[in-house]
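Only one structure is covered here, and it is reproduced in the block below.
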Amino acid sequence: MDDIDKKIINHIQSRFPVQPEPYRAIAGHFGMTEEEVWLRIKRLRKRGLIRRIGAVFDSAGLGFYSTLVAVKTDPAMTEKVAEKINSLPGVTHHYQRDNAYSLWFTLTGADREKIDDTVLDIGKWAGVFDIMNLPANKTFKIKVDFQI
Amino acid sequence: MIELTEKERELIRCIQADLPDDKRPFLAIAKKIGWTEDEVMARIIKWMEQGIIKRFGALVRHQNLGFEGNAMVAWSVPEPDVERAGRQMSGYPFISHCYEREIRPGWPYNIYTMIHAANPDEARSLAQEVAKDTGIKDFQILHTVKEWKKKSMEYILEEDQDV
């Protein structure tokens with residue numbers, strides 16, 4: 001990845017042109033040809049540096065409910081529990097962390113009741129010592145693009 | 001969930017995923033769902049203006065780009081200080097997310113920040129810096145040991161089943 005790749009990534013993280021010929025528009029912005037921009041972005045996608053180009057929806061804006069869940073696991077069972085969590089629909093971000101509450105994940109769904117039920121259900125799984133349902137009361141900041 | 005027409009659901013299904021490999025991606029989507037290219041672009045722009053779409057663009061894979069030290073830091077902030085501390089923490093460029101959540105028995109942490117750093121040591125020193133600046137001394141750094149899953153939410157599933 002060279003400086004031009006970085007410039008392109010930084011640009012299209014928040015401003016991918018919603019225009020008939022977006023790659024031509026990006027090229028115009030940087031004084032490049034459409035073909036060059038097209039090939040560079042294609043390569044960045046292929047290498048996984050860009051994992052997706054598309055819309056990032058606001059869950060609440062679509063009327064969805066979302067929460068953060070922390071699970072205290074039996075250390076011998078953490079992997080098993082993690083795999084089971086991974087298979088649930090609505091789990092998007094799921095990390096193992098260096099804490100007694102070892103598994104942290106976001107759970108999103110169409111209504112709150114269902115989400116709360118899912119959390120209660122996980123609390124009864126084998127290997128789960130405790131579970132915390134931590135919906136946000138207030139969002140101070142969400143910044144999703146990173147200058148690289 | 002908000003009221004959506006079947007066509008709108010189809011559009012969401014397309015743009016919650018990766019853009020088609022096409023120099024005219026909005027035309028490709030339009031053909032797929034039976035809209036015009038203008039209709040597709042206009043609807044995306046309208047949803048952006050309404051805040052239903054937070055942004056339209058590329059999602060980068062941080063682990064590949066030198067953010068191996070990402071950590072969640074949970075802070076125990078006295079109730080009267082929550083607003084001030086939340087705003088102050090949001091001001092740091094290395095903090096990407098900042099939320100207030102309720103405390104739980106045995107877990108007195110009510111502000112959660114995501115810190116992006118090159119390595120765990122840097123994450124620690126950045127958290128110390130925030131603690132010093134804000135006066136919030138009681139915190140837990142939760143380093144990422146393993147990424148189990150990271151994907152974009154699928155709001156509308158292929159089979160139209162509820163999430």
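Evaluate the following for A:GLY63: is it surrounded by fewer than 18 Cβ atoms within 10 Å (Cβ to Cβ), at the interface with another protein chain (Cβ under 7 Å from one of its Cβ atoms) and at pLDDT below 95? Taking the combined requirement at face value, the residue satisfies it. From the list A:ILE142, A:ILE85, A:ILE115, A:ILE53, the lone residue that is among the β-branched types (Val, Ile, Thr) and at pLDDT below 95 is A:ILE142.
Filtering region A:50-60 to residues that are touching a residue at least 24 places away in the same chain (Cβ under 8 Å) and open to solvent by less than 10 Å² (accessible area, probe 1.4 Å) leaves A:ILE50, A:ILE53.
Being in contact with a strand residue (DSSP E or B) (Cβ under 7 Å, 6 or more places away or on another chain) and modelled with pLDDT under 95 is a condition met by no residue of region B:80-90. Pairs linking a residue in region A:1-16 that is in contact (Cβ under 8 Å) with a residue 12 or more places away in the chain to a residue that is aromatic (Phe, Trp, Tyr) and open to solvent by less than 10 Å² (accessible area, probe 1.4 Å), with Cβ atoms under 6 Å and 6 or more positions apart or on different chains, are A:PHE16/B:PHE56. The C-beta contact set for region A:83-96 (first residue among the small types (Gly, Ala, Ser), second residue open to solvent by 40 Å² or more (accessible area, probe 1.4 Å), distance under 8 angstrom, 6+ apart or interchain) comprises A:GLY90/A:THR118. Among the residues of region A:88-98, which ones are closer than 13 Å to B:LYS151 by Cβ and open to solvent by 40 Å² or more (accessible area, probe 1.4 Å)? Selection gives A:PRO89, A:HIS93.
Looking only at region B:137-146, decide whether some residue is more than 30 Å from A:GLY90 (Cβ to Cβ), modelled with pLDDT of 95 or more, away from every other protein chain (no Cβ under 12 Å) and not in a loop (DSSP other than H, G, I, E, B). Checked against the condition, which is being more than 30 Å from A:GLY90 (Cβ to Cβ), modelled with pLDDT of 95 or more, away from every other protein chain (no Cβ under 12 Å) and not in a loop (DSSP other than H, G, I, E, B), region B:137-146 yields no hits at all.
For region A:99-135, filtering for residues that are surrounded by fewer than 14 Cβ atoms within 10 Å (Cβ to Cβ) and without any contact (Cβ under 8 Å) to a residue 24 or more places away in the chain leaves 5.
Conditions (1) basic (Lys, Arg); (2) at negative phi; (3) touching a strand residue (DSSP E or B) at 6+ places or on another chain (Cβ under 6 Å), marked per residue:
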residue: A:ALA76; (1), (2), (3): no, yes, no
residue: A:LYS80; (1), (2), (3): yes, yes, no
residue: A:SER87; (1), (2), (3): no, yes, no
residue: A:THR92; (1), (2), (3): no, yes, yes
residue: A:THR106; (1), (2), (3): no, yes, yes
residue: A:TRP125; (1), (2), (3): no, yes, no
residue: A:PRO135; (1), (2), (3): no, yes, yes
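Being under 19 Å from A:PHE129 (Cβ atoms), charged (D, E, K, R) and open to solvent by 50 Å² or more (accessible area, probe 1.4 Å) narrows it down to one of A:GLU36, A:GLU79, so name that one. Within the list A:GLU36, A:GLU79, the selection yields A:GLU79. Would you confirm whether any residue within region A:2-16 is outside any helix (DSSP H, G or I), among the β-branched types (Val, Ile, Thr), open to solvent by 30 Å² or more (accessible area, probe 1.4 Å) and more than 22 Å from B:ILE53 (Cα to Cα)? Checking region A:2-16: not a single residue is outside any helix (DSSP H, G or I), among the β-branched types (Val, Ile, Thr), open to solvent by 30 Å² or more (accessible area, probe 1.4 Å) and more than 22 Å from B:ILE53 (Cα to Cα).
If I filter region B:150-157 for residues that are over 25 Å from A:LYS84 (Cα atoms), small (Gly, Ala, Ser) and open to solvent by 10 Å² or more (accessible area, probe 1.4 Å), do I get at least one hit?
Within region B:150-157 (the criterion being over 25 Å from A:LYS84 (Cα atoms), small (Gly, Ala, Ser) and open to solvent by 10 Å² or more (accessible area, probe 1.4 Å)), the answer is no, since none of the residues qualifies.
In the set (1) within 9 Å of chain B (Cβ to nearest Cβ); (2) assigned to a loop (DSSP other than H, G, I, E, B), A:TYR23 fails one condition alone, (2).
The values are calculated or read from the model by the stated rules, or taken from the named source; none is laboratory data. Just so it is clear, the structure is predicted and the values come from calculations on it, not from any experiment. When we count neighbours, we look across all protein chains shown, and the Cβ atoms used for this are built from the backbone with ideal geometry, even at glycine. Just the protein is used for accessible areas: all its heavy atoms, side chains included, with ligands, DNA and RNA removed. Shrake-Rupley method; radii C 1.70, N 1.55, O 1.52, S 1.80 Å.
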